[in-house]
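Structure, as C-alpha cells:
The values are calculated or read from the model by the stated rules, or taken from the named source; none is laboratory data. Since this is a predicted model, take the numbers as computed values, not measurements. Positions of Cβ are backbone-derived with ideal geometry, glycine not excepted, and every protein chain shown enters the neighbour counts. The protein model used for the area step is the full one, side chains on, heavy atoms only, and it has no ligands, DNA or RNA in it. Shrake-Rupley method; radii C 1.70, N 1.55, O 1.52, S 1.80 Å.
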Amino acid sequence: MKKVLAGLVLIACAVVVAVLREPFPGPLVTVPALAAVVAAIGVTAWLPGSRPALPLLTGAVGVLSAVCVVLWLADRGGNGGPLTYFHTLGILTLITMTVRWSPARQAVPAAGAAALGEALLPLQVVQPVSTVVEGVAFGVFWSLGTAGAVGLGVYLRSLDTTRIRAVREARRAQRVELARDLHDFVAHDVSAMVIQAQAAQILLDRAPEQAAATLRAIEADGTRALAAMDRTVRMLREMEGDDVPAEPLPGLDDLPALVHRFAEVGFPDTELELAPPEPVPREVATTIYRVVVEALTNVRKHAPAGSSVSIRVTDRGGAIQLTVADRARAPEQPRLPGRSRPGVGLAGLAERVQALGGTFSAGRQGDDGWLVKAVFP
C-alpha cells in the first residue's frame, strides 16, 4: 500500500508539472484530471476509513469527467496532452479499488459511470475525429484499460473472499475443537457428579457423614467443570481477539489426580502406570489426558461399579503408547441408572490422535471389558 501511495504521489507531482506547462490545457481538462488523481491518492491514503464513500466518489469523478469532456468537445480549449493520461490513471485506480472493496450493488453503477468518463477521454488527445465510428473505436480502445482495472479489482476481491473464507473456516474448526474439549473435560466431571449424587441420596439416612463427604466431592467436581467451561470461554475470547490471559491445558502431570478422583467414585481398583519417554510434546500430553478422560467417562457410564481399570502410558520403541483397559470384576453388581447415553467423544479423539500422526483404536476385549489404545510416534 505504501508503494501504491508513493506512486500516486509521483503522479500528482507530474500532474502539477503538466498543469504548469504551456499551453495551459484549460479548466475542462485540468479540473477533472486533478479530481481523479486527488481522489485516488486520498482513497489509498485513508483506506479502510474511506471505503464507505468510495462508490460515491468514483461515480462522481466519472460523471464529472464525462460532463467536462462533452463541454470540451463543444468548445475545444486546448489539447489535453499528458494531463489526460494522468486523468486516466486516477480513474483506473478508483475503478480497481471500487470493484475490490465496495458491495456489488454499489460498485456496478459507480464503476459504470467511471468507465463512461474514461471511454470519452481519448477524444481530448487525438485529432478531431471525422466520424462517429472512429470516435467509438477510440473509446473502445481506451476502455481496454478499464477492462484491466475491473479484472484486477475482481481478482483482488476473490483473494480477499478466499482469505476471509479461510479465516472463517479456521475459526469454525477451532470452535468445534473447543466443543470437543468441553465434552472431554466437562462430561467427565458431570458424570462423576451424577454418580455421587445418586450415592448421596442413599447415604443421607444411613451414613450422613459419608453423604456430606460425597456432597463435598460433588462440589469439587462442579468447580472443575466450571473451570473447564471458563477456560473454553477464554479461548473463544482469544479467537475473537480479546486480550485474556491464557491458561495451560492439562497434561501428563494431571493424570494422577484424575485417576485418584475416578477411584473415589466407585472404582477403587484403578491403577496408573506412567513411564513415558522424555520429553513428551505438550500437544501429545494434552491429547493423552483427553483420551484418558473420555475412556474413564465411558467406563463410568457403561461398566459395572467396582470394575478394575488399568491405565498405562509407556515407551514402545520410541513411540508413546497409551492403553486404558477395564475388566468387570463384579458382574453381578448392576450399573447405576441413567448412565448409558451414547457420546461422540471417541470419534473426536481418534481425529485428534490421527492429526498428530498416531493411531487410535477402541473395542471390546474378551467378554467383560473394553480397551482403548493410542500410539503416538
* Kindly state, to the nearest 0.05, the FRET efficiency for Arg312 paired with Ala147, given R0 = 56 Å and r defined as their beta-carbon distance. => 0.25
* Asked: To the nearest 10 square angstrom, what accessible area does Val61 show with a 1.4 Å probe?
  -> 10 Å²
* Could you please state, rounded to a whole Å, how far the C-alpha centre of the stretch 268-320 is from the C-alpha centre of the stretch 47-126? => 69 Å
* In nm, give the distance between the simple-model label positions of Val176 and Glu209, each being 7 Å from the Cα along the Cα-to-Cβ direction. => 5.3 nm
* Per residue, what accessible area does the stretch 50-151 have, given a 1.4 Å probe and all protein chains present, in Å²? -> 46 Å²
* Taking a 1.4 Å probe, which of Lys301, Lys373 shows the most accessible area, and what order do the others take after it? -> Lys373, Lys301
* **Nearest-10 value in Å² for the accessible area of Asp75, using the 1.4 Å probe** => 110 Å²
* To do: State the extension gain, in nm to one decimal, for the chain segment bounded by Leu156 and Glu283, taking 0.36 nm per residue of separation less the distance between their alpha-carbons.
  => 42.0 nm
